[in-house]
Structure formats: structure tokens, C-alpha cells
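Colleague: Please read through the structure below; I'll follow up with questions.
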Amino acid sequence: MKTSIIQFGTSRFLQAHADLMVFQGSDHHITVVETTGSTASRDRIEAINKTASFPVILRGLSNGQQIDTRIDVSSVTRGLSAREQYAELRRIFIDEADYVISNTGDRGFEVPTETDISPTGWTCYPELLTLLLHERFRKHGRPLTLLPSELVSRNGSVLRDIVMGLAADHGLGTLFSQWLKTECLWMNSLVDRIVSEPIEPIGAVAEPYALWAIEKQSGFVPPARHPDLVIVDDLAAVERKKLFILNLSHTLLAEKWQAESRPATETVREILNDQHVLDWVSEIMEMEVIPAFGADKDAAHDYWKTCLERFCNPFLAHRLADITQNHAAKVERRIGGLMDWKKECGFERLRAAVPLISSRETA
């Protein structure tokens, strides 16, 4: 069966996000490719090739209603190991693919100091992608749409620049570079869904809420039509909403959890059951954060209410101890970033009585 989508990454997030949306909103089929050689990735590839579908269970709250439903996803029809089955991967990439989806982890876009784009020498996803794109260009030059979902701001543009840099470093020619820049579509996107646990050997449990926001480009045709896949004029506005509402409120709750030496295993849902904490974080969001969105403040307010519903998911055990990892960096990016953005927008300084905010203001 022809697979018009190649997906680099085997994570349970992709199973419950892109794979599910493609299944629900298109006739496309997907080849999933593992690139790390890890035991877990290889086991998932083996499971894909042994079954016609895998379960995704959506559990949580949606518009006040409790959801607990199972969907058997059959959009993924083939699994490959990039190293062990490179010839087959090359054939599919050249002859079948119209889209490339990727989610290769926190360090997925990193490249080594000494790069190699040969079939046996590549060590990272950008090297492999450059190799495959060059093979496709040499054979027929049919354009391709690339949809990275790594959590990197303007991920499509970043990945394009990395690949073009590798092409230049390895002397692949100006015609290839021009094809990459003008013929292929490198889509900037943002994804959001909490996928709480795997189902072995393949499948996932996730919350009902999902977002796949893709920034508009001329000529782009989405890989699926789905209510949670939205095309937006300005992805930066979507990123700000997620960063300064969802992510920042997590950081505030983590700060409260640390400052009050609350129970070690406490979850987001449990801390928000404390009315004092709920009032505290709600005041900050309603008085300090949402007004900064100006004309978009009503949508920001609705998004905050959605976040609270997600935080109170009775099926989700989101531990605050996990959220506090890299806490200082998160404070600077989220709270520091909010303060800088408010200043740029002409808003006065934050007034909320939060120690980590006031200390940052007076530093």
C-alpha cells in the first residue's frame, strides 16, 4: 500500500496526535521510521508491522463532560528502521511520500561537529533528511511538504536552514539548495496534547484536548481535515498564548509547591483542589496575564478556562515534581518573557505578589 506520509519518530505522542488526526480526517497512510536504534523504538516498529491498528484512549474533561473513549487507529501501515532498511526507506521517500512529519525529541535538530550525509555515516535526523531530500531531487525533483512538530520555535524554518547548511557544507549544489528553498514547503507548527501513558506494545492514553496549529503558506494542503488542526496567519500569537498561559501557570504552581513544601507526590489536579492556590493562580492569570493579550484577551480568557479544565483531568497524574525540572530556566523564559513582552506592549510592570516575579523585577 502506498504511504503518502513518512513519519520520523515512533513516540506515543505522535500516535495520539498526528497519527490519530490523519486517521480521523484523511485517507492518507503513514510509514513510521525509527532513527535512534533504541530497543523501545525497534519494539514499536515491530508492533506496527504485526498489527492493522493500535488503540488510542482519550480520557478527561471536555466542556465539562467526562470523556473515556477508545479509537482504533489504522492510518499507520508500515514501520521501518532507517539504518537496517535504508534502501526501502529511500524508495518510499522518493516514490511515495508527499508529506514528512517529524517529532525527534528535544535534541532532534542537533547536528555533530563533523557531519556525514552518506547512507551508512549519518548520525542525526537532519543529516538523514538531507541525504533523502538530495536523492529525491536527483531522481525527479517532485516537491515535498515538511511538517516538523518538534518543540522549537518556527520549527519549519529552523529545520530548513539546518538542511540548507548541510547541503552547502557538503557541496550538493546551488540547484538543490534552490529546490529546497522554493519548491519544498517547510511548515512552522505548534502541537499540544498531554499523552499520559503508553499502551504496550503500541498505543497511547491521552487527554481529549489537542492542537496542531500550522502557519499559513501559499500552496499548502493540510494532511488531514480535522477540528484540532488549524491553519493560522500568525503562529507567534499561538505560541505566546501557550507559553504565557499554559506553561507559565504550570511554573507558578511549581513555585507555590516548592515555596510551601507541599507533598512530594502532589499533582497539578491535587494542588488546584486547594482553594487558596486556585484563587492565587487565577488572580495572577486574570489580572496580570490575560489583559496583556489586548484585543485577543477574550480568546486568551477562554484558553485559560480550557487549561484549568485540562489541569483538573481526573485521569491524569501530572506531578509537580516533574514540572519543577529546569525550574530556573522556565522562570526566566516564561515569567521573564511575559514581563519583557508586557513592556514591549506598553503595559505597566507586573503587580502580583509572587516572590519569583518580584525578585526578577528588582534584579
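Colleague: May I ask for the longest run of the chain untouched by trypsin sites (Lys or Arg not before Pro) that are loop-located per DSSP and have at most 16 neighbouring C-beta atoms (other than their own) within 10 Å?
Modeller: The reported range is 226-348.
Colleague: Net charge around Ile271, counting only other residues with Cβ within less than 15 Å of its Cβ (Lys, Arg = +1; Asp, Glu = -1)?
Modeller: Neighbour charge sum, excluding Ile271 itself: -2.
Colleague: Show which lysines lie in cross-link reach of Lys342 when reach means a straight Cα distance below 16 angstrom and same-chain residues fewer than eight apart are skipped.
Modeller: Lys241, Lys242, Lys297
Colleague: DSSP loop chymotrypsin sites (Phe, Trp or Tyr not before Pro) in region 204-308 with at most 16 other Cβ atoms within 10 Å of their Cβ, which ones?
Modeller: Phe220
Colleague: Only Lys, Arg, Asp and Glu count, each charged at its Cβ (+1, +1, -1, -1), so figure out the dipole size of the chain about its Cα centre, rounded to 20 debye.
Modeller: 480
Colleague: Let me ask you something else. Placing +1 on the Cβ of each Lys and Arg and -1 on the Cβ of each Asp and Glu in the chain, which of Ile101, Ala47, Leu132 has its Cα farthest towards the positive end of the resulting dipole?
Modeller: After comparing all options, I get Leu132.
Colleague: Determine the shape class of region 74-182: with a ≥ b ≥ c the square roots of the Cα gyration tensor eigenvalues, call it rounded for a/c under 1.5, and otherwise prolate if a/b is greater than b/c, oblate otherwise.
Modeller: Judged from the Cα gyration tensor, region 74-182 comes out rounded (a/c under 1.5).
Colleague: If you don't mind, another one. How about region 65-170: which chymotrypsin sites (Phe, Trp or Tyr not before Pro) there lie in a loop by DSSP and see at most 16 other Cβ atoms within 10 Å?
Modeller: Listed in order of number, the matching sites amount to none.
Colleague: Lys305: which aspartates and glutamates have alpha carbons under 14 Å from its alpha carbon, excluding same-chain residues fewer than 8 sequence positions away?
Modeller: Asp279, Glu283, Glu286
Colleague: Now, a different point. Where does the chain land at 222 nm, in deg cm²/dmol rounded to the nearest 500, when only DSSP H runs of n ≥ 4 count, each adding -39500 (n - 2.57), divided by all residues?
Modeller: Mean residue ellipticity, 222 nm, calculated: -11500 deg cm²/dmol.
Colleague: Using only Cα atoms, locate the centre of region 50-81 and the centre of region 102-154, then give the distance between them in Å, rounded to an integer.
Modeller: 28
Colleague: Separate question: Just in region 190-295: which GluC sites (Glu not before Pro) are loop by DSSP and have at most 15 other Cβ atoms within 10 Å?
Modeller: Within region 190-295, the qualifying GluC sites (Glu not before Pro) (loop, at most 15 other Cβ atoms within 10 Å) are Glu260.
Colleague: Have a look at Ala18, Thr182, Asn313 and report the one farthest towards the positive end of the charge dipole of the chain, computed about the Cα centre with Cβ charges (Lys/Arg +1, Asp/Glu -1).
Modeller: Thr182
Each reported figure results from applying straightforward, stated rules to the coordinates on display, with no laboratory input. In this text the structure is predicted, and so the values were computed from the model without any measurement. Here the Cβ is made from the backbone with ideal geometry for all residues, glycine too, and neighbour counts use every protein chain on show.
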